[in-house]
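Chemist: Sharing a structure here in structure tokens format.
The values are calculated or read from the model by the stated rules, or taken from the named source; none is laboratory data. In this text the structure is predicted, and so the values were computed from the model without any measurement. Cβ placement follows ideal geometry from the backbone for every residue including glycine, while neighbour counts extend to all protein chains displayed.
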Amino acid sequence: MAMLRLPVHRIIPFSNVEGVGNRTSIFVQGCNANCLYCHNSETIPATHADARTYTIDELITEIRHNTPFIRGITVSGGEATLYPRSVKALFDEAHTLGLTCYIDTNGFFDLEKIGSLIGATDKFLYDIKGLGTHLGDLCFSDTIIAVNRARPVSGDQFVNLNQHVENLRHLLSMDKVEEIRLVYIKGFYNAEEVISTIADVIRDYPHANVFLKIIRVHARGLTKDRAKLIEGRIPSADEVTQLVAFAKSKNIQRIKQIL
Amino acid sequence: MQSNIQDIMDTVTSKTLTYQQKLFTLANISERLLSPIDILGYTPQELEHINNNMICDLNEGYAAYRPRYIVPDYNVYIKNGCRFLELPPPQNLDECLDGLLILYSHVPSITSFPVFIGNLDTLLDPFIENAETDYIKIKRFLNHIDKKITDSFCHADIGPYETLAGKLILQAVIELENPTPNMTLHYDPDKTSVEFARLAAKSCLLVSKPSFSNVQYYNRDIGEHALCSCYNALPLAGGGYTLSRLRLGTVAKAANSTNELINNVLPKVANIMLSIMDKRNTFIVEKSNFFETSFLVKEGFIHRTNFTSMFGIIGLADAVNRMLSLEGLDETFGTSERGDEIGHKIMETLETMVNAHPGKYVERTNDRYLLHAQVGASLHDEDNYNTPAHRIRVGQEPTLVDHLKQSAQFHKYFPSGTGDLFAFDQTYVDHLDAILDIVQGSFDSGYRYITPYLKNTDLIRVTGYLVKKSEVERATNGEAVLRDTTWFGKGTNEVADVFDRKLRE
């Protein structure tokens, strides 16, 4: 285990927004997607001047420092599922401290490659990026970051085969999902179709008691070139409210809108 | 400190005090016109240590005629009514609220306002019949208290169990945004429901109350108790005769090494303060006739045998900072390991002395006085060199997690109360479980009492009591304002920048 390492961009000792309760959030360096509206775009490349590699022991030392004030840890990023062995090892150790272990994911992973990581994860915060052809333009283009992407994927299995929706279904069947998120941006997918798809999936797992967050995309805090790319694509507050109403009409019980 | 004739004229002609504030101030001045050497038998050396500001008696009068803090058991009224006030036992919520308001006017204290107004939720809950209409009554009752008891050292307790009355009280408190009453939730995760704790956390963020008290911890130390005034934990149906405070920052100036402080200066001054406390307690019990005349005693609201006294300290940070500097270290209390060591040495010295001293008329607390982490005040220029309690100076705070751990080490020394405050950002209002995790973590680390509040609210906890920032602004502009505590808030803010405590993100 001592040999396993994880590239980390930053650690937030106390975070209240990455899962229930007070948690230590670890943002890994490296992502397999490149979403135009990414607010942590510095974590997308495989390497970054501010990132450093931690051994699992080093991470546990950092986490232990924040106890007993946290109920768990959340690995976000970047994309945590790119590092299944290291994250699993981290979770196994964190569990011995009585902490719950969460992953914040974009859903772009191969189930069979991360099976044992899923087993070691208490809950996923699942960011559904969208559906259909233009998901490629939104999340898998080489715009802005053309080089040094972490394990770039073509995205075909997601854009054409909706594999991220099947991944969600699988995690729900294991009762491993706490929250589903949709960042609402116009022009890259049919938002009602995405909501309907989510509704269809969670309908089969009523006991999962999943929370849906609909978040309006915003340009605050984006790098200038990214802010430019989403110009004219930000929905109005009314449009967000309408989408929330639509989700309710699809019998999704627990919804929160974030403007 | 003794007063003089000029104090009377200054008060009478003041442009900033209300009529009522002048009346109470004049009464206090008259208590201090007489020499404590004559009345209380202070030695010249004892008086000298008040005059040199090492010991602050918080301007408690020398002609003392009531205990400083009185903690009535208001259940006596619910059960028996009050013969002296010709009140029968209340039969419904209206009678109960009315009777309590009448009682409050007759509960003395050092400020002449009641510092404890009861475990409000358990008092009111049996009378609640209709959440909607009773909410209006409770809200009116609480607003009456704020406008009538113009001193936010007035304290109400709630919990640990969830009740409908408790929920209505918290709703009203959030809606009213009043400084008074100050409020504490007796929090016990085994007894307090998560839902009620969340509501309390939300209220605390929005209007800086209730604070969370570690009820299991206080029960172990002093048994049945109430939180009153700022955060003083005192026996129920009793109270505290007196609270003097050692200005540790001032005391430390007289020492030129840590050894000299611990082995010489500190024991000398602490013994002087213990003797002063003995003399005050003795006068109140033996000479003032308070316990012979008060209907509260006769009817069983309080018992003489349930009183104790508080040995207060302030300025631990400043004392430690001076010692660090004398030791040639470029470090400050809060982020210095050596600083923590010195802090513990100071507190262990005081704890040993206080626990070795048989106090007067304090059988309820094993004949011992109780250490108290006093929240500070601005009574003299020396208060500029004395940070409240054992707190870290504002501006020298470490990160939140380090701050929690550093402060937690010192809570154990203060069975009659201490607490710390942390300013959080708006996102926590939507994530109350995160606040509860921090509260629980603080208790698990040794905390007795914690207040998580929002940085940007008008109602703010200065050091242990609440003021409105907008009212402080009016006071600063020379206007008379309703609440006397606003003046304390103004002074403390000027000395300790407490409105600018580090934001926790």
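Chemist: Do we have any residue at all in the stretch B:82-90 that's surrounded by fewer than 16 Cβ atoms within 10 Å (Cβ to Cβ), under 30 Å from B:T305 (Cβ atoms), in contact (Cβ under 8 Å) with a residue 60 or more places away in the chain and basic (K, R)?
Modeler: So far as the stretch B:82-90 goes, yes, one or more of its residues are surrounded by fewer than 16 Cβ atoms within 10 Å (Cβ to Cβ), under 30 Å from B:T305 (Cβ atoms), in contact (Cβ under 8 Å) with a residue 60 or more places away in the chain and basic (K, R).
Chemist: What do you reckon, is B:T163 surrounded by 23 or more Cβ atoms within 10 Å (Cβ to Cβ) and on the phi < 0 side of the Ramachandran plot?
Modeler: Judged against the criteria, B:T163 is not a match.
Chemist: Here's a check for you: in the stretch A:76-109, which residue that is in contact with a strand residue (DSSP E or B) (Cβ under 7 Å, 6 or more places away or on another chain) and among the aromatic types (F, W, Y) is nearest to the other protein chains (Cβ to nearest Cβ)?
Modeler: Only one residue tops the list, namely A:Y102.
Chemist: How about the stretch B:3-20: which of its residues are over 13 Å from B:L482 (Cα atoms), part of a loop (DSSP other than H, G, I, E, B) and under 27 Å from the mean Cα position of the chain (by Cα)?
Modeler: B:S3
Chemist: Kindly indicate whether A:I26 is more than 25 Å from A:I234 (Cβ to Cβ) and either polar (S, T, N, Q) or within 13 Å of chain B (Cβ to nearest Cβ) (or both).
Modeler: Judged against the criteria, A:I26 is not a match.
Chemist: So, of the residues in the stretch A:1-20 that are surrounded by 21 or more Cβ atoms within 10 Å (Cβ to Cβ) and in a loop (DSSP other than H, G, I, E, B), which turns out to be nearest to the other protein chains (Cβ to nearest Cβ)?
Modeler: Result: A:N16.
The rows are residues; the columns are (1) within 14 Å of chain A (Cβ to nearest Cβ); (2) surrounded by 24 or more Cβ atoms within 10 Å (Cβ to Cβ); (3) assigned to a loop (DSSP other than H, G, I, E, B).
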position	(1), (2), (3)
B:S378	no, no, yes
B:E382	no, no, no
B:R393	no, no, yes
B:S407	yes, yes, no
B:G417	no, yes, yes
B:F422	yes, no, no
B:V429	yes, no, no
B:L436	yes, no, no
B:Q440	yes, no, no
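Chemist: Take the residues in the stretch A:45-59 that are closer than 17 Å to A:E93 by Cα and surrounded by fewer than 22 Cβ atoms within 10 Å (Cβ to Cβ); name whichever of them is farthest from the other protein chains (Cβ to nearest Cβ).
Modeler: A:T55
Chemist: Still on this structure: Can you tell me how many residues within the stretch B:436-451 are touching a strand residue (DSSP E or B) at 6+ places or on another chain (Cβ under 8 Å) and farther than 11 Å from B:D420 by Cβ?
Modeler: Residues meeting the conditions: 3.
Chemist: Pull up the stretch B:442-461, narrow it to residues that are assigned to a helix (DSSP H, G or I) and crowded, with 23+ Cβ neighbours inside 10 Å, then point me to the one that is nearest to the other protein chains (Cβ to nearest Cβ).
Modeler: B:S442
Chemist: Pick from the stretch B:23-46 the residues that are in a loop (DSSP other than H, G, I, E, B) and without any contact (Cβ under 8 Å) to a residue 40 or more places away in the chain: which of them is nearest to B:A252 (Cα to Cα)?
Modeler: B:S35
Chemist: Still on this model: Which members of the stretch B:208-233 meet the condition of being in contact (Cβ under 8 Å) with a residue 12 or more places away in the chain and either farther than 30 Å from B:L58 by Cα or assigned to a helix (DSSP H, G or I) (or both)?
Modeler: Once the filter is applied, which keeps residues that are in contact (Cβ under 8 Å) with a residue 12 or more places away in the chain and either farther than 30 Å from B:L58 by Cα or assigned to a helix (DSSP H, G or I) (or both), the stretch B:208-233 yields B:V215, B:Q216, B:Y217, B:Y218, B:D221, B:I222.
Chemist: Go through the stretch B:395-405 and give me each residue that's in contact (Cβ under 8 Å) with a residue 40 or more places away in the chain, out of contact with any helix residue (DSSP H, G or I) (no Cβ under 7 Å at 6 or more places or on another chain) and within 14 Å of chain A (Cβ to nearest Cβ).
Modeler: Once the filter is applied, which keeps residues that are in contact (Cβ under 8 Å) with a residue 40 or more places away in the chain, out of contact with any helix residue (DSSP H, G or I) (no Cβ under 7 Å at 6 or more places or on another chain) and within 14 Å of chain A (Cβ to nearest Cβ), the stretch B:395-405 yields B:L400, B:D402, B:H403, B:K405.
Chemist: Still on this structure, please answer the following. Since B:L23 meets every condition but one in (1) hydrophobic (A, V, I, L, M, F, W, C); (2) surrounded by 18 or more Cβ atoms within 10 Å (Cβ to Cβ); (3) within 29 Å of B:I149 (Cβ to Cβ), which condition does it not meet?
Modeler: It is condition (2) that B:L23 fails.
Chemist: Pick from A:I73, A:I63: which is within 14 Å of another protein chain (Cβ to nearest Cβ), crowded, with 21+ Cβ neighbours inside 10 Å, modelled with pLDDT of 95 or more and part of a helix (DSSP H, G or I)?
Modeler: Exactly one of A:I73, A:I63 is within 14 Å of another protein chain (Cβ to nearest Cβ), crowded, with 21+ Cβ neighbours inside 10 Å, modelled with pLDDT of 95 or more and part of a helix (DSSP H, G or I), namely A:I63.
Chemist: Looking at B:I70, B:I102, B:I78, which one is outside the structural domain of B:A270 (by TED's automatic domain parsing), at pLDDT 95 or above and in a strand (DSSP E or B)?
Modeler: Exactly one residue qualifies, and that residue is B:I70.
Chemist: Can you find, within the stretch B:302-339, the residue that is surrounded by the most Cβ atoms within 10 Å (Cβ to Cβ) among those that are touching a residue at least 60 places away in the same chain (Cβ under 8 Å) and hydroxyl-bearing (S, T, Y)?
Modeler: B:S309
Chemist: Another one. Just for the stretch A:230-247: of the residues that are without any contact (Cβ under 8 Å) to a residue 40 or more places away in the chain and surrounded by 13 or more Cβ atoms within 10 Å (Cβ to Cβ), which one is nearest to A:T197 (Cα to Cα)?
Modeler: The selected residue is A:V244.
Chemist: Also, I was wondering about something else. If we scan the stretch B:186-207, do we find a residue that is part of a helix (DSSP H, G or I) and closer than 30 Å to B:F291 by Cα?
Modeler: no
Chemist: Residue by residue through the stretch B:47-61, note down the ones that are among the polar types (S, T, N, Q) and assigned to a helix (DSSP H, G or I).
Modeler: Of everything in the stretch B:47-61, just one residue is among the polar types (S, T, N, Q) and assigned to a helix (DSSP H, G or I), namely B:N51.
Chemist: Moving to a separate point now. What number of residues within the stretch A:129-142 satisfy the criterion of being on the phi < 0 side of the Ramachandran plot and buried (at least 22 other Cβ atoms within 10 Å of the Cβ)?
Modeler: The number of residues fulfilling the criteria is 5.
Chemist: So the check is Cβ under 8 Å with 6+ separation or different chains; which pairs have a first residue in the stretch A:168-179 that's within 15 Å of A:I114 (Cβ to Cβ) and a second one that's polar (S, T, N, Q) and crowded, with 18+ Cβ neighbours inside 10 Å?
Modeler: The qualifying pairs are A:K176/A:T121.
Chemist: Just to be sure I understand, how many residues within the stretch A:101-132 are in a strand (DSSP E or B), in contact (Cβ under 8 Å) with a residue 60 or more places away in the chain and polar (S, T, N, Q)?
Modeler: Going through the stretch A:101-132 one residue at a time, the tally reaches 0.
Chemist: Also, I was wondering about something else. Could you figure out which of (1) of a type in the set (D, E, K, R); (2) touching a residue at least 40 places away in the same chain (Cβ under 8 Å); (3) away from every other protein chain (no Cβ under 14 Å); (4) more than 24 Å from A:E112 (Cα to Cα) isn't true of A:E42?
Modeler: With (1) of a type in the set (D, E, K, R); (2) touching a residue at least 40 places away in the same chain (Cβ under 8 Å); (3) away from every other protein chain (no Cβ under 14 Å); (4) more than 24 Å from A:E112 (Cα to Cα) applied to A:E42, the lone miss is (2).
Chemist: Got a number for residues in the stretch B:150-174 being of a type in the set (F, W, Y) and under 23 Å from B:N130 (Cβ atoms)?
Modeler: Total satisfying the criteria: 1.
Chemist: Hey, B:L466 hits all of (1) at pLDDT below 75; (2) touching a Gly at 6+ places or on another chain (Cβ under 9 Å) but one; which does it fall short on?
Modeler: Among (1) at pLDDT below 75; (2) touching a Gly at 6+ places or on another chain (Cβ under 9 Å), the lone unmet condition for B:L466 is (1).
Chemist: Here's something else I'd like to know. Among the candidates B:I284, B:I342, which residue alone is closer than 23 Å to B:V71 by Cα, touching a residue at least 40 places away in the same chain (Cβ under 8 Å) and crowded, with 21+ Cβ neighbours inside 10 Å?
Modeler: Result of the check over B:I284, B:I342: B:I284.
Chemist: Can you pull out every residue in the stretch B:395-405 that is surrounded by 19 or more Cβ atoms within 10 Å (Cβ to Cβ) and in a loop (DSSP other than H, G, I, E, B)?
Modeler: Selection gives B:E397 alone.
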